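Input: a single structure, listed below in structure tokens.
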Amino acid sequence: MDIESSTSSLSQSIHQESRNQALFNKQRGGWRAIKYIIANESFEKLASMSLIGNLSVYLTTKYNLGGVFLVNIVNIWFGSCNFLSIPGAFVSDAYLGRFWTLLLGSISSFLGMGIMALTAAIPRLRPEACKDPSNCSNPPADWQLAVLFASLGLLAIGAGGIRPCNIAFGADQFDTNTKKGKAQLETFFNWWYFSFTVALLIALTGVVYIQTNISWVIGFVIPTACLAFSVTTFVIGQHTYICAKPKGSVFADMVKVVAAACKKRKVKSGEGVTFYLGPSNDGSSTTLVQNRQRIRFLDKASVITDPNELNEEGKAKNNWRLCSVNQVKNLKCVTAILPVWVTGIACFMLTDQQNIYGILQAIQMEKTFGHNFQVPAGWMNLVSMITLAVWISLYECVILPIAKRTTGRKQRLTTKQRIQIGIVMGIACMVVAGVLEKERRSAALKNGSFVSPVSIVMLLPQFVLAGLTEAFSAVALMEFLTVKMPEHMRAIAGAIFFLSSSIASYICTLLINVIDAVTRKGGRSWLGDKDLNKNRLENYFFIIGGIQVLNLLYFRFFASRFVTEKNKDNRDF
């Protein structure tokens, strides 16, 4: 009787707690919270993109940097911003939760941008300006570089906290178990991307123009103020948020599976192998006995080799020695996408270099339009983004409807086709960039000037092709990663996508330094001089193009086998 009474009391307590939590969630979340989250995200993106779009120009004109050192700084910073999203996601999921990770990340970005604004406002924090940019001998002092690196470091840490959490925290505000919640979530995604696009356009047009043509001080104070508004708005809305508690990190689980599998690597196949299924929905733990002729390596992590591996409740005593079947499946989902994911690394190598060397080319080209209007070099990044947006609009709104009227069904390009087309566009981009660079440098040397008389308009083809590379390959890869992951691991797909961009930046850094070291021994570095007119940048473009050719062969004959298309009822073609 006492047992029945205790069980009934416990059941009522759990039911009451569930009702209280539901009532609490009704009072919080939803659109009352989303307005603060979108405001925070819009201000943060406006600030960060205004720096990303013009960092190469700032370091060249105000810090007298150039050559390999400049590219190393930008590449490593880009890579670190993306890579730190992995530890950021881990800290959020395992310890702090998304609210505190976002808040601390926003504060770190605010401090980093504030220091960057100080470097523009206080001349002592920068080296003296060079009168002749083609022959500059005023490098920044070590302490001046330390201040700059502190700013970039804080911004990278901030990005690592913000990027993996912003969309996920917004999704937390809706109950996706209901039809209404799912519809609200879709609307949130639309508004999130809309605000992101608006912030991007303002940052890469208005703010970049102010930085380049009016004042770097004002141009950096604006994003600093935006980040201050971002933090303030986010804190003001705290009372409206649903803050999910940390439940552990999927990344940590993956490491545990590998560790457990290694410890049990000598486990052999046989009859009656017992697998640990892990805790069920009611909190109990279950096991499964299966007869397998062959056990794969990762499966060994969930094999129970000793009854003492389970406690009295039937749960694993040591998660580093015994993992659940679901934990193993999660890791298998990740390993299944790796061959295609590698393709994305090579694609990002191309787009990252356009954002750096393409802007450096623009700096040394004729930028005057009309009477006295100077086109900011940073505006060239807009070309790729506009190209991407125009192509997607044409594809979804014009090409697909025409194909449907013609064939009777809404046929789409397959993931394989889009990735391969994107790689081909990348090859064309590097060929065009290399040919143009030869023309640009020849005209500058013939004219005897630092700035080539070739118009910046000539850069349009290579930036358009870079945008098409993203529109086909990058979008298809992101879609592939998202679709291949189970719903509870969709956030992991985004982190892995950013990781490919990070690795691409680091590989480019290594490649550039190797090319510089090898060609310098030959008497003339291809990339080492601050003045592009003294380099052989076109050769580097051709090397990146060659890597894209190898990437196309790799995907065509190997990685494409890991891409599965949709069924016939909702198929691609």
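Quick rundown of the values:
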| item | result |
| --- | --- |
| Accessible surface of the chain [probe 1.4 Å, protein heavy atoms]: carbon and sulfur percent | 61 |
| Estimated inter-spin distance, residue 297 and residue 439, nm [label 7 Å along Cα→Cβ] | 5.1 |
| Cα shape, the range 170-242, gyration tensor, a/c 1.5 rule | oblate |
| Signed unit charges on C-beta, dipole axis of the range 468-545, positive-most listed residue 542, 481, 526 | 526 |
| Acute angle (nearest 10 degrees) that the helix 415-447 long axis makes with the longest principal axis of the chain, alpha-carbon atoms | 20 |
| Cysteines (scope the chain) whose Cβ has no counterpart Cys Cβ under 4.7 Å | 81, 165, 226, 243, 262, 323, 333, 347, 397, 429, 508 |
| Computed over the range 26-240: relative contact order in percent, which uses C-alpha pairs under 8 Å that are six or more apart | 41 |
| Solvent-accessible ranking of 136, 347, 397, largest area first, probe 1.4 Å | 397, 136, 347 |
| Nearest-20 debye value, the range 336-564 charge dipole, Cβ charges on Lys, Arg, Asp, Glu | 540 |
| Largest to smallest accessible area among 57, 514 [probe 1.4 Å] | 514, 57 |
| Binned Cα-Cα distance frequencies in the range 26-240 - 10 Å width, integer % | 8, 32, 33, 17, 7, 2, 0 |
| Heavy-atom surface of the chain, accessible at 1.4 Å and reported per residue (Å²) | 49 |
| Amide H contacts of residue 278 (H built 1.01 Å from N, under 5 Å, at least 5 apart or other chain) | 286, 325 |
| Protection proxy ranking of 423-429, 321-327 - average other beta-carbon atoms within 10 Å, highest first | 423-429, 321-327 |
| Helix 179-202 axis, angle to the chain major axis (alpha carbon atoms, nearest 10°) | 20 |
| Full-extension gain in nm, residue 342 to residue 514, via 0.36 nm per residue minus C-alpha separation | 59.8 nm |
| At R0 = 35 Å, FRET efficiency that the Cβ-Cβ distance of residue 28 and residue 262 yields, to 0.05 | 0.20 |
| Cβ charges +1 (Lys, Arg) and -1 (Asp, Glu), total dipole of the chain, debye | 1220 |
| log₁₀ of I(q)/I(0) at q = 0.10, 0.12 Å⁻¹ - the chain, Debye sum with one point per alpha carbon | -0.97, -1.30 |
| Positive-pole candidate from 201, 34, 275, dipole of the chain, charges at beta carbon | 275 |
| Integer Hz, Karplus 6.51/-1.76/1.60 couplings in order for the range 341-349, x for Gly and Pro | 4, 4, 4, x, 4, 5, 5, 5, 4 |
| Gain upon complete extension [residue 138, residue 245; 0.36 nm per residue less C-alpha separation] | 33.3 nm |
| Rg/Rg_globular for the range 337-422, with Rg_globular taken as 2.2 N^0.38 Å and Rg from C-alpha atoms | 1.53 |
| Magnitude of the charge dipole, the range 128-270, Cβ model with Lys/Arg +1 and Asp/Glu -1, debye to 20 | 1320 |
| Trypsin sites (Lys or Arg not before Pro) within the range 495-561: DSSP coil, no more than 15 neighbouring Cβ in 10 Å | 524 |
| List 44, 128, ordered by accessible area with a 1.4 Å probe, largest first | 128, 44 |
| Flagged links, alpha-carbon separation over 18 Å, of 256/329; 266/317; 264/317; 438/521; 247/332; 35/179 | 266/317; 438/521; 247/332; 35/179 |
| Packing rank of 364-372, 378-386, 348-356, where each peptide gets the mean count of other beta carbons within 10 Å, highest leading | 348-356, 378-386, 364-372 |
| Acute angle (nearest 10 degrees) that the helix 98-121 long axis makes with the longest principal axis of the chain, alpha-carbon atoms | 10 |
| FRET efficiency, residue 217 to residue 277 (Cβ-Cβ, R0 56 Å, nearest 0.05) | 0.35 |
| Highest to lowest packing among 145-152, 331-338, scored as the average C-beta count within 10 Å | 145-152, 331-338 |
| Point-to-point label distance, residue 122-residue 94, nm (Cα→Cβ direction, 7 Å offset) | 3.7 |
| Gain in span if fully extended, residue 329 to residue 557, counting 0.36 nm per residue against the direct Cα distance | 79.4 nm |
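The values are calculated or read from the model by the stated rules, or taken from the named source; none is laboratory data. The shown structure was predicted, so the numbers you read here are calculated from the model rather than taken from an experiment. Every residue, glycine as well, gets a Cβ built from its backbone with ideal geometry; the counts of neighbours run over all protein chains shown. Remember, those area values only see protein heavy atoms, side chains included, never the ligands or the DNA or RNA. Shrake-Rupley method; radii C 1.70, N 1.55, O 1.52, S 1.80 Å.
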